[in-house]
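A.B. asks: Here it is, the structure, as structure tokens.
Every number in this text was worked out from the coordinates using simple rules, so none of it is lab data. This is a predicted model, so every value here is computed, not measured. Here the Cβ is made from the backbone with ideal geometry for all residues, glycine too, and neighbour counts use every protein chain on show.
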Amino acid sequence: MVNFTLLTALAVVYSTVQGAPTNNDASELAKRVAAPVRPSAYTKTVFLDNFALKTLDTTKWTYDLGTSYTGGPAAWGTGEIQTYTKSTNNILITSDSTLRIIPRKETSGAWTSARIETKAASDFACPAGGRLRIQARIKVGATNAAAGTEDGIWPAFWMLGSALRSNYQSWPGVGEIDIMETMNGVAKAYQVVHCGTAPGGVCNEFNGIGGNSKMTRGVWHTIQLDIDRKVSKWTDESLTWSIDGVATLQVKPSSLQNNQTAWNSLAATKKMILLNVAVGGSFPNAIAGSTTPNAKTVGGVNAGMDVDYVVVWST
């Protein structure tokens with residue numbers, strides 16, 4: 001999510017509107033999982049929110065507000081143009097017990113949206129010699145959005161090294177893992193890591209290292225990241241992304257020129273989870289080839305992101 005200059009390319013290491021929601025199909029609703037079952041390979045549930053409360057559980061999450069962290073880069077370091085709020089116009093728990101984040105264009109022409117991150121008490125790390133799975137069930141956008149109406153709309157499910165909290169200028173060294181980003185109404189999920197130093201460095205900053213894969217819009221998907229440190233050598237560790245149970249990307253230490261410090265910032269250090277819908281910024285601008293949002297861009301529920309649950313399992 002943090003892309004400090006115009007993101008013009010991704011280094012691929014593995015192939016890979018205002019109004020009510022338009023996707024109310026009963027079969028899709030039936031697939032939603034209020035309490036995901038922990039896989040037998042994992043012994044602990046280290047974080048879970050199935051959004052069962054009537055409002056956001058602020059014992060687990062904190063709202064990121066405004067246009068930057070205090071003392072952090074302007075525009076959240078990405079060039080995004082919205083102001084984040086905690087208004088129910090932008091973030092709420094639905095009657096179906098899902099989290100909904102809604103970007104909106106206000107009558108003034110300004111954009112608002114929402115962004116949340118897990119609290120420090122919920123920080124987690126993959127144990128040495130173990131495995132960690134971070135998973136969410138997510139729906140973004142609408143199935144029938146007209147071309148251009150989601151230009152600049154940028155939903156994301158991602159993680160940052162929790163060390164960022166003590167120094168908001170410490171990106172990308174703290175490590176960032178973008179589990180799912182999608183933008184401009186395109187049926188793709190971008191999956192990227194940021195680490196090391198910028199510009200350049202072993203993570204090819206400010207672009208990062210990653211890839212993209214197909215992800216249909218307006219329907220639910222299970223989005224997953226597996227961190228595997230259950231290996232004999234750290235150089236055999238891996239990060240593997242999956243959508244609906246199908247692996248889409250793998251990054252290993254060799255992808256980072258076997259730089260152990262950079263790798264550990266991704267695979268070994270404590271992380272926090274973030275969920276947000278940004279508007280505009282370097283990444284959607286680069287994908288669109290022009291400045292976003294534009295006159296066609298429409299906010300509202302159909303441009304937003306719904307989240308059924310977020311869970312972290314560990315060995």
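A.B. asks: By the scheme Lys and Arg +1, Asp and Glu -1, what is the net charge of all other residues having a beta-carbon under 11 Å from that of G72?
C.D. replies: Values: positive: R165; negative: D64.
Every neighbour counted, the sum reads 0.
A.B. asks: Shifting gears a bit: Ignoring solvent entirely, what values of log10 I(q)/I(0) come out of the Debye formula for the chain at 0.09, 0.13 Å⁻¹ when each Cα is a single scatterer?
C.D. replies: Calculated log10 I(q)/I(0) at the listed q: -0.40, -0.89.
A.B. asks: Compute the separation of the alpha-carbon centres of the stretch 213-281 and the stretch 116-149 and state it in Å as a whole number.
C.D. replies: Computed from Cα coordinates, the inter-centre distance equals 11 Å.
A.B. asks: Continuing with the same structure: Collect residues whose amide H, placed 1.01 Å from N in the peptide plane, falls under 5 Å from the amide H of F124; neighbours closer than 5 in sequence don't count.
C.D. replies: Amide H to amide H, under 5 Å and 5 or more residues apart or across chains, F124 pairs with K271.
A.B. asks: If packing is taken as the mean number of other Cβ atoms within 10 Å per residue, what is the order of 176-182, 210-216, highest first?
C.D. replies: Working: 176-182: 24.9, 210-216: 19.6.
Result, highest mean Cβ count within 10 Å first: 176-182, 210-216.
A.B. asks: May I ask what percent, to the nearest 5, of DSSP beta bridges between residues of the chain are antiparallel? Walk me through the numbers before you get to the answer.
C.D. replies: Details: 75 of 79 bridges.
If we restrict to bridges inside the chain, about 95 percent are antiparallel.
A.B. asks: Treating only the Cβ of Lys, Arg, Asp and Glu as charged (+1, +1, -1, -1), what charge dipole size does the stretch 169-315 show about its Cα centre? Round to the nearest 20 debye.
C.D. replies: 100 debye
A.B. asks: Would you work out the charge dipole size for the stretch 226-306 about its Cα centre, treating the Cβ of every Lys and Arg as +1 and the Cβ of every Asp and Glu as -1, and quote it to the nearest 20 debye?
C.D. replies: Details: 7 positive and 6 negative charges, 47 e Å.
Here the size comes out at about 220 debye.
A.B. asks: Give me the extension gain from N89 to L48: residue separation times 0.36 nm, minus the current Cα-Cα distance, reported in nm with one decimal.
C.D. replies: Details: separation 41, 0.36 × 41 = 14.76 nm, distance 2.48 nm.
Computed gain between N89 and L48 is 12.3 nm.
A.B. asks: When the chain is fully extended, how far beyond the present Cα-Cα distance does K119 get from D96, taking 0.36 nm per residue of separation? Before the final figure, lay out each step's value.
C.D. replies: On the way: separation 23, 0.36 × 23 = 8.28 nm, distance 2.43 nm.
Residue separation times 0.36 nm, minus the Cα-Cα distance, leaves 5.8 nm.
A.B. asks: While we're on this one: For labels at T197 and T143 in the simple 7 Å Cα→Cβ model, what's the distance in nm?
C.D. replies: 5.1 nm
A.B. asks: Using +1 on the beta carbon of Lys and Arg, -1 on that of Asp and Glu, and nothing else charged, what's the dipole of the chain about the Cα centre, debye to 20?
C.D. replies: Working: 27 positive and 23 negative charges, 102 e Å.
The calculated dipole for the chain is roughly 500 debye.
A.B. asks: For every helix of n ≥ 4 consecutive DSSP H residues, a contribution of -39,500 (n - 2.57) applies; sum these over the chain, divide by its total residues, and give [θ] at 222 nm rounded to the nearest 500 deg cm²/dmol.
C.D. replies: -1500 deg cm²/dmol
A.B. asks: Continuing with this model, one more query. Students often get this wrong, so check it: of K214/K271; K54/K296; K105/K139; K54/K214, which have C-alpha atoms separated by over 23 Å? Don't skip to the answer; put the middle values down first.
C.D. replies: Working: K214/K271 26 Å; K54/K296 34 Å; K105/K139 21 Å; K54/K214 33 Å.
K214/K271; K54/K296; K54/K214, as the Cα separations exceed 23 Å there.
A.B. asks: List the GluC sites (Glu not before Pro) within the stretch 103-156 that fall in a DSSP loop (any state other than H, G, I, E or B) and whose Cβ has at most 16 other Cβ atoms within 10 Å. Kindly include the intermediate steps, with their values, before the conclusion.
C.D. replies: Numbers: sites: E106, E117, E150; in loops: E106, E150.
Loop-located and lightly packed - E106.
A.B. asks: Select from L249, S97, G201 the residue farthest towards the positive end of the dipole of the chain; place +1 on Cβ of Lys and Arg, -1 on Cβ of Asp and Glu, and compute about the Cα centre.
C.D. replies: In the chain, that residue is S97.
A.B. asks: Which order do the peptides 221-232, 277-288 take when ranked by the mean count of other beta-carbon atoms within 10 Å per residue, highest first? Intermediate results must be reported in sequence, preceding the final value.
C.D. replies: Details: 221-232: 18.2, 277-288: 24.8.
Listed from highest to lowest mean packing, they are 277-288, 221-232.
A.B. asks: Can you tell me the order of 294-301, 68-75 when each peptide is scored by its average per-residue count of other Cβ atoms within 10 angstrom, highest first? Walk me through the intermediate numbers first.
C.D. replies: Values: 294-301: 17.1, 68-75: 12.9.
So the order, starting with the most tightly packed, is 294-301, 68-75.
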